[in-house]
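Participant: Quick one: structure below, then a few questions.
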Amino acid sequence: MCGQNMMEEKILFIDDDTDIRETIKNLITHMGYKVTVAENAHDALSILDSEEFPLIITDLKMPGINGTQLCKEIRKVNQSSIIYALSGHLTTFNLDDLSAIGFDGHLCKPISFNSFNQAIRGAFDKIKRA
């Protein structure tokens with residue numbers, strides 16, 4: 001069962017592109033959610049060492065540890081968070097492989113406000129039903 005801190009509607013967003021990171025941070029904040037951002041997988045893992053997030057959204061293509069490797073690392077210690085892959089290049093990834101790695105869903109860049117809002121709301125609705 002999820003702890004109380006997992007029921008907070010907070011999101012960890014990881015992307016190495018500063019402009020995208022700030023845009024998405026502002027969008028998520030505007031939507032009424034608490035958001036923490038990281039610019040790479042190492043920073044994300046450090047954040048996750050001290051805080052839990054019910055929803056994690058990560059870019060797939062990042063220098064160093066990429067999004068798929070990050071998802072695998074998270075899943076070693078955390079099966080309860082929902083993890084979405086975000087990429088402008090999803091056609092280069094097999095969606096079944098993303099699911100097998102541990103992703104719960106995927107989002108394509110550029111993403112519309114409505115699609116993004118639906119994905120986030122759907123994730124938190126799923127968490128509340130669990």
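Throughout, read-outs are computed from the coordinates displayed, never taken from laboratory work. All of these numbers come straight from a predicted model, not from anything done at the bench. Here the Cβ is made from the backbone with ideal geometry for all residues, glycine too, and neighbour counts use every protein chain on show.
Participant: In the set A100, A44, which member is among the aliphatic types (A, V, I, L, M), surrounded by fewer than 15 Cβ atoms within 10 Å (Cβ to Cβ) and in a helix (DSSP H, G or I)?
Facilitator: Unique residue meeting the criteria: A100.
Participant: Condition first: aromatic (F, W, Y) and part of a loop (DSSP other than H, G, I, E, B). Now tell me which residues in the range 47-97 satisfy that. Step through it out loud before you land on a result.
Facilitator: Filtering the range 47-97 down to residues aromatic (F, W, Y) leaves 53, 84, 93.
Of everything in the range 47-97, those that are aromatic (F, W, Y) and part of a loop (DSSP other than H, G, I, E, B) turn out to be F53, F93.
Participant: Among the residues of the range 63-70, is there at least one that is among the hydrophobic types (A, V, I, L, M, F, W, C), touching a residue at least 24 places away in the same chain (Cβ under 8 Å) and under 22 Å from I101 (Cα atoms)? Write out each step before concluding.
Facilitator: Going residue by residue through the range 63-70, those that are among the hydrophobic types (A, V, I, L, M, F, W, C) are 65, 70.
Now narrow it down to the ones that are touching a residue at least 24 places away in the same chain (Cβ under 8 Å): 65, 70.
Next cut, under 22 Å from I101 (Cα atoms) only: 65, 70.
Checked the range 63-70: at least one residue is among the hydrophobic types (A, V, I, L, M, F, W, C), touching a residue at least 24 places away in the same chain (Cβ under 8 Å) and under 22 Å from I101 (Cα atoms).
Participant: If you go through the range 105-122 one residue at a time, how many are of a type outside the set (A, V, I, L, M, F, W, C), outside any helix (DSSP H, G or I) and under 19 Å from L95 (Cβ atoms)?
Facilitator: Here is the first cut: in the range 105-122, the residues of a type outside the set (A, V, I, L, M, F, W, C) are 105-106, 109-110, 112, 114-115, 117-118, 121-122.
Pick out the ones that are also outside any helix (DSSP H, G or I) and you get 105-106, 109-110, 112.
From what's left, under 19 Å from L95 (Cβ atoms): 105-106, 109-110.
Number satisfying all stated conditions: 4.
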